[in-house]
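Undergrad: Take this structure first; my questions come after.
Derivation of every value follows stated rules applied to the coordinates shown; laboratory data play no part. Only a predicted model underlies this, so the values are computations on that prediction, with no experimental measurement involved. Cβ sites come from the backbone with ideal geometry, for glycine too, and all protein chains shown count toward neighbours.
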Amino acid sequence: MKIAIASDHGGVNIREEIKKLLDEMGLQYEDFGCNCSTSVDYPDYALPVAERVANGEFDRGILICGTGIGMSIAANKVKGIRCALVHDTFSAKATRQHNDSNILSMGERVIGPGLAREIAQVWLTTEFEGGRHQNRIDKITQIEEKY
Ligand code: RB5
């Protein structure tokens, strides 16, 4: 599984923690920034990750900002992206099983690095259940086609 990861200035520490986890899990990844000591704009970092997951170059994406909210809003504008903003392990599991989320977003001002690691690990190792959940995702895709 190939992962695209990025953060803005508000998510640098958790991004580094998640990269360590990906190394430990033996997963390939590419870091799309930021290389920032000053303030940057989160959509500039959400977009390259979302585009590469949407076009299949990467299997999954992980985005971190201060709250995770801006990153998730921006990523979800890209067709084919189902970005889940998650701050607990129950939701991390459920969003893979039910929503087949392909990008995980977290907020470094909301949770600490330990919980972020656990969330990412659960999210990366949980499979989509398909079945009735696939019908619901197909309906989301239909909404995307319409607007
Ligand atoms: C940056 O100050 C902050 O707005 C950003 O990291 C994020 O929380 C946006 O949703």
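Undergrad: Got a sec? Which of GLY80, GLY33, GLY114, GLY26 is free of Cβ contacts under 8 Å to residues at least 40 places away in the same chain, part of a loop (DSSP other than H, G, I, E, B), more than 16 Å from the ligand (Cβ to nearest atom) and not aliphatic (A, V, I, L, M)?
TA: GLY26
Undergrad: Which condition from (1) in contact with a Leu (Cβ under 9 Å, 6 or more places away or on another chain); (2) within 27 Å of GLN134 (Cβ to Cβ); (3) of a type outside the set (Asp, Glu) is the one that TYR45 breaks?
TA: Here TYR45 meets the rest and fails (2).
Undergrad: Can you name the condition, by its number, that MET71 falls short on among (1) outside any loop (DSSP other than H, G, I, E, B); (2) surrounded by fewer than 20 Cβ atoms within 10 Å (Cβ to Cβ)?
TA: With respect to (1) outside any loop (DSSP other than H, G, I, E, B); (2) surrounded by fewer than 20 Cβ atoms within 10 Å (Cβ to Cβ), MET71 is out only on (2).
Undergrad: Could you go through segment 57-70 and let me know if any residue there is more than 16 Å from the ligand (Cβ to nearest atom), in contact (Cβ under 8 Å) with a residue 24 or more places away in the chain, in contact with a strand residue (DSSP E or B) (Cβ under 6 Å, 6 or more places away or on another chain) and β-branched (Val, Ile, Thr).
TA: No, there is no match, as no residue in segment 57-70 is more than 16 Å from the ligand (Cβ to nearest atom), in contact (Cβ under 8 Å) with a residue 24 or more places away in the chain, in contact with a strand residue (DSSP E or B) (Cβ under 6 Å, 6 or more places away or on another chain) and β-branched (Val, Ile, Thr).
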